[in-house]
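Readers should treat all values here as calculations from the given coordinates under stated rules, not as data from a laboratory. What you see is a predicted model; the values in this text were computed from it and never measured. Every residue, glycine as well, gets a Cβ built from its backbone with ideal geometry; the counts of neighbours run over all protein chains shown.
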Amino acid sequence: MRIGIPTEIKTQEGRVGLVPEACSELIRAGHTVSLERDAGIHSGFANSEYESVGVNIVPDAETLYGENELIIKVKEPIGDEIELLREGHLLFSFLHFAADKSLMARLQQRGLTTVAFETVERDGQLPILAPMSDIAGRLGVQIGSNLLYRPQGGKGVLLGGLPAAERGRVVVLGTGHAGGNAVRMAAALGAEVVAFDKKPERLEVMREYGNNVTALYPYSEKVDKEIRNADIVVGAVLITGARAPVLVSADQVASMREGSVIIDIAVDQGGCVETTRPTSYDEPTYEVSGVTHFAVTNMPGAVPRTSSQALSASLIPYALKIAEKGGLDDPSIKSGINLRNGEILHPALIGI
């Protein structure tokens with residue numbers, strides 16, 4: 001199969017679809033791989049590193065899309081990229097259609113087949129999404145900690161506190177990969193952490209992260225109380241393929257103290273805070289009711305080398321399957337198909 005890796009054009013997105021070593025695996029399997037010139041530069045991978053493993057370097061996106069069947073990229077197509085996609089293309093990337101029905105409609109019109117990273121399932125897990133969620137969870141707490149600094153408009157709280165000063169309080173909604181890593185990071189920084197999840201087994205895991213972690217079932221009254229007292233609220237709830245449920249209302253946001261911070265990691269799927277709206281790293285934050293909101297839709301793009309390495313390792317087994325004859329019929333790949341020849345297939349997207 002002819003496989004193309006374009007340059008990402010989303011704002012401040014430095015990741016690349018596949019690192020050179022992953023491309024080498026596809027080439028050894030008999031496939032042809034092309035890279036748009038300089039697509040790996042922001043992740044620290046020079047064109048020469050790709051050429052050394054047999055990747056063809058093409059001059060522009062038009063050539064890349066025109067010559068290849070399987071397009072492997074990181075983020076959803078935007079702008080002119082959509083017009084470069086056509087019937088017969090197979091797009092393998094993050095898509096998040098539940099939060100962007102207009103994009104889904106446009107790709108339906110193009111008649112292509114799409115497999116979304118975030119909906120590929122294996123044994124009830126999301127193996128391609130997981131490492132990016134891990135990174136987003138860790139970044140969320142690091143970024144939130146900085147946003148609490150007074151020069152950043154925060155309330156002037158050191159998250160871990162120190163003798164004679166209170167610790168900061170972090171509330172995490174959802175303890176999957178993103179939320180779990182947020183809990184781990186906040187606990188390691190010494191904050192008082194309250195983690196909410198409906199699954200008892202996840203609450204048990206959260207308790208193991210430290211004596212400064214309280215793990216609770218999300219009763220409405222408990223969530224409401226903890227949000228009011230939080231310095232940072234991290235939203236990390238996920239329903240595979242579907243829009244994130246709204247768990248924090250505008251009234252609850254208004255009840256938080258001025259200078260508090262909300263990090264909505266669920267923004268890719270529409271956000272789990274009523275006051276969330278998508279942002280980019282060019283303008284990552286905004287305020288509502290005196291509370292700073294951070295809702296960047298490509299959080300792992302801030303650490304593109306780390307993210308590209310982790311993403312490539314997770315997706316290469318599935319890229320190899322997709323590239324095989326009949327690969328779309330593999331159960332794990334089939335679970336990730338959102339559109340097939342323009343037809344909506346994923347259950348979470350039908351009727352949205």
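Table for the structure above
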read-out: Selection from A182, C272, L162 lying farthest towards where the dipole of the range 130-301 points positive, charges on Cβ; value: L162
read-out: Highest to lowest packing among 132-141, 318-327, scored as the average C-beta count within 10 Å; value: 132-141, 318-327
read-out: Theoretical gain in end-to-end length, D80 to L320 [0.36 nm per residue, Cα-Cα removed]; value: 83.6 nm
read-out: Estimated dipole of the range 130-301 in Debye, rounded to 20 [Cβ of Lys and Arg +1, of Asp and Glu -1, Cα centre]; value: 240
read-out: Relative packing of peptides 226-237, 93-104, 66-77 - highest average C-beta neighbours within 10 Å first; value: 226-237, 66-77, 93-104
read-out: Cα long-axis angle, helix 129-147 against the chain (0 to 90 degrees, to the nearest 10); value: 40
read-out: Considering only the chain, percent of DSSP beta bridges that pair antiparallel, nearest 5; value: 20
read-out: Beta bridges per DSSP with both ends in the range 180-305, % antiparallel, nearest 5; value: 30
read-out: Over 24 Å (Cα to Cα) - which of K198/K222; K75/K321; K198/K225; K10/K101; K199/K321 fall in this group; value: K199/K321
